[in-house]
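Asker: Pasting a structure here, questions to come.
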Amino acid sequence: MDNSKYQLETVATQFDWRDVGATDAGDVVSPIHLTTTHEMRAPGEADHGYKYTRFDNPTRDALETRLARLSGADHAIACASGTAAMAATCLSIVEAGDHVVAFDGIYGGTRVLFEELLADSLGATVEYVDATDVNAVDEAVTDETTLVWMESPTNPLLRLCDLSAVADIAASVDATYVVDNTFATPYFQHPLAHGADMVVHSTTKYLNGHSDSMGGVVLTDDKAAANDVAQTQSYDLGGTLAPFDCYLTLRGLRTFPLRMDRHESNAAEIATYLADHPATVQVNYPGLESHPQHELATQQMDGFGGIVSFELDATGAETRAVLEELDVFTLAVSLGGTESLADHPATMSASYLSAQERAAAGISDSLVRLPVGVEHVDDLIGDLKAALAKL
């Protein structure tokens, strides 16, 4: 499939009900089907293909069709949250005693899921490696490895892995290769084109883009894998995405390309501003030439995203005081909405990790994460300038 930005813009903004076999009433906005059940023509016979909304729903089918096209995938499974998407994926692959290799920079919530679901409940072994070093991944995999899980860029330090190189390593031991592409989005990165078997997103973030719907999606070209995930999430877990949330995400996708362009341009300017500021000791943004993996980012990404994180030359208390001075940036967790947010990971998005776990993950008390929104960049930089002046 052509994944050019032109093609993505067309897929994101257009809609054709005939793609999901529903009645064509000329809608230019995807209709919402809130029904939980559908009438059958005769016992066990549903000509329209729908029976019960946990299994199939026309609005969810429309969203899955759109997300698959955006990602260059043959199949998409919409789930109730990003965590639900990860859980359905893992449970469809990992069995008791299996070996899992994961990027040590993955989102803390993913690590908790792995520890509690895979390690504690299933008895799988989860090994975390510095996947910025391809050799570390190669040395970690074994014949017992069934799952290789990457996240690129990572949350919150924006570290990258070589997607294609890791794909080769996973294939060498016949392991399923999954990439969490939430930060990059299908607009800036296509892991399936780099050899990933499956891709997951929290649609709560950029794909919905308006901070008003929670969801997740699993994408793959493998029909059997898609069926396994669908079986796990709809029949076993019941974690399907509700029709109204599907509708909201479809609504958000109509402005997806426009939003992503603005997120990226604003983030790039803010990263440059912070990199030159005397109060910062480190700025993490793949678009900066100072980023240790900037060259890799230019090779495997079509843009650098809308997240910037940075370390202040300050104590934890001083860092929190700076954040409390912000006005245009809203102090809140999550990301991907039109509004700019400021997050102090040590006390907010990564607060459920122990101090030792945060230290091991490189999350210090002076780290700040900025999911940059679509406001005017001069207002955002002015807000940061005023707050940093308090140091």
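Asker: What are the pairs with Cβ atoms under 9 angstrom where one residue, in region 279-296, is under 19 Å from Leu367 (Cβ atoms) and among the hydrophobic types (A, V, I, L, M, F, W, C) and the other, located anywhere, is surrounded by fewer than 18 Cβ atoms within 10 Å (Cβ to Cβ) and at pLDDT below 95? Sequence gap at least six, or different chains.
Answerer: Qualifying pairs under 9 Å: Ala279/Leu391.
Asker: Another question, if that's okay. Let me spell it out: the conditions are (1) closer than 12 Å to Cys246 by Cβ; (2) surrounded by fewer than 15 Cβ atoms within 10 Å (Cβ to Cβ); (3) not hydrophobic (A, V, I, L, M, F, W, C), and Glu45 meets all of them except one. Which number is the exception?
Answerer: (1)
To keep it simple, each residue is scored yes or no on (1) in a loop (DSSP other than H, G, I, E, B); (2) over 20 Å from the mean Cα position of the chain (by Cα).
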{"residue": "Ala73", "(1), (2)": "yes, no"}
{"residue": "Ala85", "(1), (2)": "no, no"}
{"residue": "Ala119", "(1), (2)": "no, yes"}
{"residue": "Ala131", "(1), (2)": "yes, no"}
{"residue": "Val137", "(1), (2)": "no, yes"}
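Asker: Now for a separate question. Within region 325-336, is even one residue surrounded by 23 or more Cβ atoms within 10 Å (Cβ to Cβ) and either out of contact with any Phe, Trp or Tyr (no Cβ under 9 Å at 6 or more places or on another chain) or over 23 Å from His277 (Cβ atoms) (or both)?
Answerer: Checked against the condition, which is being surrounded by 23 or more Cβ atoms within 10 Å (Cβ to Cβ) and either out of contact with any Phe, Trp or Tyr (no Cβ under 9 Å at 6 or more places or on another chain) or over 23 Å from His277 (Cβ atoms) (or both), region 325-336 yields at least one hit.
Asker: Which members of region 326-377 meet the condition of being without any contact (Cβ under 8 Å) to a residue 24 or more places away in the chain, assigned to a loop (DSSP other than H, G, I, E, B) and within 27 Å of Leu207 (Cα to Cα)?
Answerer: Listed by number, the residues that qualify are Ala332, Val333, Met348, Ser351, His376.
Asker: Which of (1) small (Gly, Ala, Ser); (2) crowded, with 21+ Cβ neighbours inside 10 Å; (3) out of contact with any helix residue (DSSP H, G or I) (no Cβ under 9 Å at 6 or more places or on another chain); (4) part of a helix (DSSP H, G or I) does Ala317 not meet, given it meets every other one?
Answerer: (2)
Asker: Among residues belonging to region 143-174 that are within 25 Å of Val368 (Cα to Cα) and either not assigned by TED's automatic domain parsing to the domain that holds Ser92 or not in a loop (DSSP other than H, G, I, E, B) (or both), point out the one that is nearest to the chain's Cα centre (by Cα).
Answerer: Top of the filtered list is Glu151.
Asker: Within region 96-117, how many residues turn out to be closer than 22 Å to Gln300 by Cβ and in a strand (DSSP E or B)?
Answerer: 3
Asker: Within region 201-219, identify whether any single residue is farther than 23 Å from Cys246 by Cβ and aliphatic (A, V, I, L, M), and answer yes or no.
Answerer: no
Asker: On to the next question. Given the criteria outside any helix (DSSP H, G or I), aliphatic (A, V, I, L, M), in contact with a strand residue (DSSP E or B) (Cβ under 7 Å, 6 or more places away or on another chain) and within 20 Å of His194 (Cβ to Cβ), does Ile77 qualify?
Answerer: no
Asker: Here is a further query. What is the number of the single condition among (1) modelled with pLDDT under 75; (2) out of contact with any Gly (no Cβ under 9 Å at 6 or more places or on another chain) that Asn3 does not meet?
Answerer: It is condition (2) that Asn3 fails.
Asker: Does Tyr187 meet the test of being part of a helix (DSSP H, G or I), more than 10 Å from the chain's Cα centre (by Cα) and farther than 19 Å from Ile307 by Cα?
Answerer: no
Asker: Out of (1) of a type in the set (D, E, K, R); (2) modelled with pLDDT of 95 or more; (3) within 22 Å of the chain's Cα centre (by Cα), the odd one out for Arg358 is which?
Answerer: (2)
Asker: Just give me the residues in region 326-355 being under 18 Å from the mean Cα position of the chain (by Cα) and at pLDDT below 95, in sequence order.
Answerer: Within region 326-355, Ser349, Ala350 meet the criteria.
Asker: While we're looking at this one, here's another question. For Leu323, which of the numbered conditions (1) in a loop (DSSP other than H, G, I, E, B); (2) at pLDDT 95 or above fails to hold?
Answerer: Of (1) in a loop (DSSP other than H, G, I, E, B); (2) at pLDDT 95 or above, only one is false for Leu323: (1).
Asker: A further question follows. Can you find a residue in region 95-109 that is within 18 Å of Arg254 (Cα to Cα), assigned by TED's automatic domain parsing to the domain that holds Ser211 and buried (at least 16 other Cβ atoms within 10 Å of the Cβ)?
Answerer: no
Asker: Right, next: Out of all the residues in region 167-204, which are among the charged types (D, E, K, R) and surrounded by 24 or more Cβ atoms within 10 Å (Cβ to Cβ)?
Answerer: The answer is Asp180, and nothing else.
Asker: Something else about it: Quick one: would you say Leu118 is assigned by TED's automatic domain parsing to the domain that holds Ser213, among the aliphatic types (A, V, I, L, M) and touching a Pro at 6+ places or on another chain (Cβ under 8 Å)?
Answerer: Spelling it out, it is not the case that Leu118 is assigned by TED's automatic domain parsing to the domain that holds Ser213, among the aliphatic types (A, V, I, L, M) and touching a Pro at 6+ places or on another chain (Cβ under 8 Å).
Asker: Thr89 is checked against (1) within 12 Å of Leu147 (Cα to Cα); (2) of a type in the set (S, T, N, Q); (3) surrounded by fewer than 23 Cβ atoms within 10 Å (Cβ to Cβ) and fails just one. What number does that condition carry?
Answerer: (3)
Asker: Residues in region 198-213: is at least one touching a Phe, Trp or Tyr at 6+ places or on another chain (Cβ under 6 Å) and either farther than 25 Å from Phe256 by Cβ or not in a loop (DSSP other than H, G, I, E, B) (or both)?
Answerer: Taking every residue of region 198-213 in turn, none turns out to be touching a Phe, Trp or Tyr at 6+ places or on another chain (Cβ under 6 Å) and either farther than 25 Å from Phe256 by Cβ or not in a loop (DSSP other than H, G, I, E, B) (or both).
The values are calculated or read from the model by the stated rules, or taken from the named source; none is laboratory data. Keep in mind the model is a prediction, meaning the values are calculated, not measured. Methodologically, a virtual Cβ is constructed for each residue, glycine included, from the backbone with ideal geometry; neighbour enumeration extends over all protein chains shown.
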